[in-house]
């Protein structure tokens, strides 16, 4: 679910600006494999949250079926500070910092 406007990307390396869509956000997230990264996003209740996380952690799974697998807007991660699984909506992203590059999104 895209909330309109147009996401803006301010690349940490080139400082270039280009309009981002959810496919580009997917591309950025897919470049993050087994690294720690930081996301800043707007929670469902409207507050902002910054989270240090990692994708692909399976060590603490207890079995069962994913409750978010049918929602392509949600990304499941392991929050390293809370030591728990969390998810965030791609359409509510404000910032990603990964692989030494910071991506900032605005509507």
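The values are calculated or read from the model by the stated rules, or taken from the named source; none is laboratory data. Model, not experiment: these values are computed from the prediction. Glycine gets a Cβ as well: all are built from the backbone with ideal geometry, and neighbour counts include every protein chain shown.
Could you tell me which of the residues 67, 50 is touching a residue at least 12 places away in the same chain (Cβ under 8 Å) and either in contact with a helix residue (DSSP H, G or I) (Cβ under 9 Å, 6 or more places away or on another chain) or farther than 17 Å from residue 22 by Cα (or both)? Result: 50 is the single residue among 67, 50 that is touching a residue at least 12 places away in the same chain (Cβ under 8 Å) and either in contact with a helix residue (DSSP H, G or I) (Cβ under 9 Å, 6 or more places away or on another chain) or farther than 17 Å from residue 22 by Cα (or both). Quick one: is residue 13 at pLDDT below 50, outside any strand (DSSP E or B) and in contact with a strand residue (DSSP E or B) (Cβ under 9 Å, 6 or more places away or on another chain)? Yes.
Quick test for you: out of 75, 39, 101, pick the one residue that is under 20 Å from residue 21 (Cα atoms) and out of contact with any strand residue (DSSP E or B) (no Cβ under 9 Å at 6 or more places or on another chain). Please lay out each step first, then the result.
Numbers: 75 fails: out of contact with any strand residue (DSSP E or B) (no Cβ under 9 Å at 6 or more places or on another chain); 39 fails: out of contact with any strand residue (DSSP E or B) (no Cβ under 9 Å at 6 or more places or on another chain).
The conditions single out 101.
Among residues belonging to segment 22-47 that are in contact with a helix residue (DSSP H, G or I) (Cβ under 6 Å, 6 or more places away or on another chain) and in a strand (DSSP E or B), point out the one that is surrounded by the most Cβ atoms within 10 Å (Cβ to Cβ). Walk me through how you get there before you give the answer.
If we filter segment 22-47 for residues that are in contact with a helix residue (DSSP H, G or I) (Cβ under 6 Å, 6 or more places away or on another chain), which is where we start, we get 22, 25, 41-42.
With in a strand (DSSP E or B) added as a condition, the list becomes 41-42.
Working: 41: 19, 42: 16.
Here the residue is 41.
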